[in-house]
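The next block holds one structure in the form of structure tokens; read it before the comments.
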Amino acid sequence: MKRREKNQSGGEEVTMKLSDGNGLISSRDPERKNGVNTMRVMGAFVACLMVSSVFFSLSVVLRDLPSDGVPSEERVLEVDVKSQKEIASGEGTSRSVEEPKDKLLGGLLTAGFDEQSCISRYGSVSYRKGSEHRPSTYLVSRLRSYEALHKQCGPNTESYNRAMDYLRLGNASAPPPSDCKYIVWVSFSGLGNRILTLASTFLYALLTNRILLVDPGANMTDLFCEPFPEASWFLPPDFPLKDQFNGFGQSSPRCYGKMLKENSPNLANKLKPPSYLYLHLVHDYDDQDKLFFCEDDQSFLKEVPWLVMKTDNYFIPSLFLIPTFEEELNNLFPRKEMVFHFLGRYLFHPTDTVWGLIERYYRAYLSGFDKKIGIQIRVFDTGTGPFQHVLDQILACATREHLLPGVDKDKSISPNSDTQKSKAVLITSLSPGYLEQIRDLYWENPTITGEVVSVFQPSHEEYQQTEKQMHNQKAWAEMYLLSLTDVLITSSWSTFGYVAQGLGGLRPWILYKPENRTVPDPPCRRAMSMEPCFHAPPFYDCRAKRGIDTGELVPHVRHCEDMSWGLKLVDPSTD
């Protein structure tokens, strides 16, 4: 039963419910009833908010619990800092807190370091895009095994001291120590060469169960952090052969190639393995020196406790042609073009001084752009640059491959665009002239796409200064900055560019080497892989004892794009 009454204020009519004996409740006091309902609704709403808040907090904190199920203070702090940053920047309103980046690079790096001892080791991941390239589980396992061996046999250990005593005594009656063998890398050549050869020597050490010790030379300790936990890779200053490093060459009495000339054939049958041998793998090495890459010679070398190597070649491609190493290398690197990418990221971490150069420059000039293009310029022409044909070749490559937009010299304003993109161009060159001309081109003319192009160059040292500390620190910083770009243009034959592309996991566009100061057509080509080129490989069939084209033996070792006689690793599956 219903009736309509005027409310107390004489306003609108309200419908009143009366009990009719069927359980209906009379609503004689509508305002009171509405207030109760409102309070109940608000109470339920507040309760729901509280429950939702609790569940959200738990989901954030517990999203990536460690294996013991307890959220670490570091993880909680990381989430809190990220949340504050996202709120401050206006991000995070439409998405949840981002997952932390993998600072161990899929297990490539070990967690056994104090993070403050070398900021770049774990901090560099913040400047790189997530990589789809993952190291094999076998490579990760072998790196951990090597680290344990280095800790056991490295400088100032009992095993190292025994090996040093044997080295000092020479061919004494005492048997050589059997638990640890060593290879000493001699600091030699320019910085790009040093990085590539050090990676090559480390892989050889990994394959032969040797300990790698690094001659610090003039400034290696100023450039690179220690890569192995709890043991140094730098050679102690009291190493007995250190004063001879500069004099080592093909005529040295303990040079392996020289010994082969004097005792060949069947050196192994004529000589007892000496306490040490010098391996000359520099670009001027001869046919006897190149026998280092033969299986029979490796059988003799593995008995020598100390090997000392001087090289300016990235010789890893020829290691893949030694049958003894084939299975191990296939297990370590299922994808052949990833060798230097993984070894480089494992071994080479800029010192805090160099990392400061990298961080400050990146934040000041490169962050915030939609795309970053690296251009590495190495000119082999004599005379004073910049050279017009080099500039024309760079611009032809960049515009033809749609890496940079063309300009419209007939207009003064770019076309309007609702989604205007910005591009940063990072140039590395000994000369400032290319920066100035490319920068002026994009300042004085609008782009045909409406994109905004900014051009930067960290330094222009005019000429290479191999032994100068700050010169090398800047060079290392620039290689690293190039590796942080999205796409890369590099010069032929340049180890500087090889390092950048490998660390960055980039397949660059390689500028063909100009002839007669004329722009090649086409000006550049895309690299087959991100691997560096071995500039001076052997062309010898160790079994047949005759010359052979080593670029035709296996599908994953081919001739380089920029040097027809060189060798590089490729993945045939990516052709």
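Can you work out the PRE-style zone for Ser299? Point 7 Å along Cα to Cβ, and I want the residues of region 541-560 with backbone N under 14 Å.
Residues passing the 14 Å test: 542-544.
Would you grab the residues whose amide H sits under 5 Å from the one on Phe234? Only those 5+ places off in sequence or on another chain, please, with H modelled 1.01 Å from N.
Val214
Given a 1.4 angstrom probe, what's the average accessible area per residue across region 352-569, in square angstrom? Before the final figure, lay out the partial values.
Working: 10070 Å² over 218 residues.
Accessible surface, normalised per residue, equals 46 Å².
Per q in 0.10, 0.12, 0.15, 0.16 1/Å, what log10 I(q)/I(0) does a Debye calculation on the alpha-carbon atoms of region 110-347 return?
Ignoring solvent entirely, the Cα scatterers give -0.48, -0.70, -1.12, -1.28.
Tell me, what is the percent relative contact order of region 352-569, built from C-alpha pairs under 8 Å that lie six or more residues apart? Kindly include the intermediate steps, with their values, before the conclusion.
On the way: 365 pairs, mean separation 44.2, N = 218.
RCO, region 352-569: 20 percent.
Once the piece of chain linking Ser367 and Lys151 is laid out straight, how much longer is it, given 0.36 nm per residue of separation minus the C-alpha distance between them?
Roughly 73.8 nm would be gained on extension.
Of Lys129/Lys423; Lys310/Lys513; Lys290/Lys310; Lys258/Lys336; Lys103/Lys474, which ones are farther than 22 Å apart at the Cα?
On the way: Lys129/Lys423 17 Å; Lys310/Lys513 28 Å; Lys290/Lys310 13 Å; Lys258/Lys336 33 Å; Lys103/Lys474 25 Å.
With Cα atoms farther than 22 Å apart: Lys310/Lys513; Lys258/Lys336; Lys103/Lys474.
Using the Cα centre of region 352-569 as the reference point, and only Cβ charges (+1 on K/R, -1 on D/E), how large is the resulting charge dipole? Debye, rounded to the nearest 20.
Working: 23 positive and 26 negative charges, 102 e Å.
Charge dipole of region 352-569: 480 debye, to the nearest 20.
Fully extended, how many nm does the chain gain between Lys103 and Leu430 (0.36 nm per residue separation, minus their Cα-Cα distance)?
Values: separation 327, 0.36 × 327 = 117.72 nm, distance 3.32 nm.
Computed gain between Lys103 and Leu430 is 114.4 nm.
Separation of region 292-327 and region 157-206 by C-alpha centroid, Å?
Each part's Cα centre sits 14 Å from the other's.
Computed from the mean reciprocal separation of all distinct C-alpha pairs, what Kirkwood hydrodynamic radius does region 391-450 have, in Å? Before the final figure, lay out each step's value.
Numbers: mean 1/r = 0.0799 Å⁻¹.
The Cα-based Kirkwood calculation yields 12.5 Å.
Residues in region 283-326 near a label at Asp179, defined as backbone nitrogen under 20 Å from the 7 Å Cα→Cβ point?
Taking a point 7 Å out along Cα→Cβ of Asp179, the residues of region 283-326 whose backbone N falls under 20 Å are 303-307.
If you take the beta carbon distance between Lys242 and Trp565 as r and set R0 to 35 Å, what does 1/(1 + (r/R0)^6) give as a FRET efficiency, to the nearest 0.05? Show your work: numbers first, answer last.
Details: r = 35 Å, r/R0 = 0.99.
According to the calculation, E is roughly 0.50.
For region 110-347, with all protein chains present and a 1.4 Å probe, just round the carbon and sulfur fraction of the accessible area to a whole percent. Please report the intermediate quantities before stating the final value.
Details: 4310 of 9230 Å².
About 47 percent, which is the carbon plus sulfur part of the accessible surface.
Taking Cα centroids, how far is region 427-505 from region 349-412 in Å?
Comparing the Cα centres of region 427-505 and region 349-412, I get a distance of 5 Å.
Along region 379-394, what does the Karplus equation 6.51 cos²θ - 1.76 cosθ + 1.60 (θ = phi - 60°) give for ³J(HN,Hα), rounded to whole Hz, x for Gly and Pro?
For region 379-394, the Karplus curve yields 10, 9, 5, 7, x, 8, x, x, 9, 5, 5, 5, 4, 4, 5, 4 Hz.
For region 239-250, what does the Karplus curve 6.51 cos²θ - 1.76 cosθ + 1.60, with θ = phi - 60°, yield as ³J(HN,Hα) per residue in whole Hz, taken in order and with x for Gly and Pro?
Values, residue by residue: 4, x, 9, 4, 5, 8, 4, 5, x, 5, x, 5 Hz.
How much net charge surrounds Leu553 when only other residues with a Cβ under 14 Å from its Cβ are counted (Lys, Arg +1; Asp, Glu -1)?
Working: positive: Lys336, Arg543, Arg546, Arg558, Lys568; negative: Glu295, Glu326, Asp541, Asp549, Glu552.
Its environment carries a net charge of 0.
Please list, in chain and number order, the residues 5+ apart from Cys255 or on another chain whose amide H is under 5 Å from its amide H, with Hs placed from the backbone.
So Cys255 has HN proximity to Tyr278.
With a Förster radius of 35 Å, plug the Cβ-Cβ distance of Gln437 and Ser131 into 1/(1 + (r/R0)^6) and report the FRET value to the nearest 0.05.
Details: r = 34 Å, r/R0 = 0.98.
About 0.55, to the nearest 0.05.
Leaving ligands, DNA and RNA out of it, work out the accessible area of Tyr463 with a 1.4 Å probe and give it in Å² to the nearest 10.
Here the residue's solvent-accessible area equals roughly 140 Å².
Report, by chain and number, residues whose modeled amide H sits under 5 Å from the one on Val455, excluding near sequence neighbours (fewer than 5 apart, same chain).
Val425
Given R₀ = 60 Å, what would the calculated FRET efficiency be for Glu444 paired with His283, taking r from the Cβ atoms and rounding to 0.05? Walk me through the numbers on the way to the answer.
Details: r = 44 Å, r/R0 = 0.73.
Efficiency at R0 = 60 Å is approximately 0.85.
Given contacts defined as C-alpha pairs under 8 Å and at least six residues apart, what's the relative contact order of region 110-347, whole-number percent?
Numbers: 280 pairs, mean separation 57.9, N = 238.
With pairs under 8 Å counted, the relative contact order is 24 percent.
If you stretched the chain out fully between His402 and Thr384, how much longer would it get, using 0.36 nm times the residue separation minus the C-alpha to C-alpha distance?
Working: separation 18, 0.36 × 18 = 6.48 nm, distance 2.99 nm.
Here the answer is 3.5 nm.
Could you give each residue of region 199-212 its phi-based ³J(HN,Hα) in whole Hz, using Karplus coefficients 6.51, -1.76, 1.60 with θ = phi - 60°, and x for Gly or Pro?
Ordered by residue, 3J(HN,Hα) equals 4, 4, 5, 5, 4, 4, 4, 5, 6, 10, 6, 9, 8, 7 Hz.
Under 14 Å from the Cβ of Leu403, count the other residues' Cβ atoms, weight Lys and Arg +1, Asp and Glu -1, and hand me the total. Before the final figure, lay out each step's value.
Working: positive: Lys371, Lys372, Arg400, Lys421, Lys423, Arg507, Arg525, Arg526; negative: Asp370, Glu401, Glu451, Asp486.
Around Leu403, the charge tally is +4.
Any idea what the dipole of region 287-437 comes to, in debye rounded to 20, about its Cα centre with Lys/Arg Cβ at +1 and Asp/Glu Cβ at -1?
Values: 16 positive and 21 negative charges, 187 e Å.
The calculated dipole for region 287-437 is roughly 900 debye.
The values are calculated or read from the model by the stated rules, or taken from the named source; none is laboratory data. It should be emphasised that the depicted structure is a prediction, and the values quoted were computed from it without experimental measurement. Quick reminder, even Gly has a Cβ in these numbers, built from the backbone with ideal geometry, and neighbours come from all protein chains shown. These area figures cover heavy atoms from the full protein model, side chains too; ligands, DNA and RNA do not enter into them. Shrake-Rupley method; radii C 1.70, N 1.55, O 1.52, S 1.80 Å.
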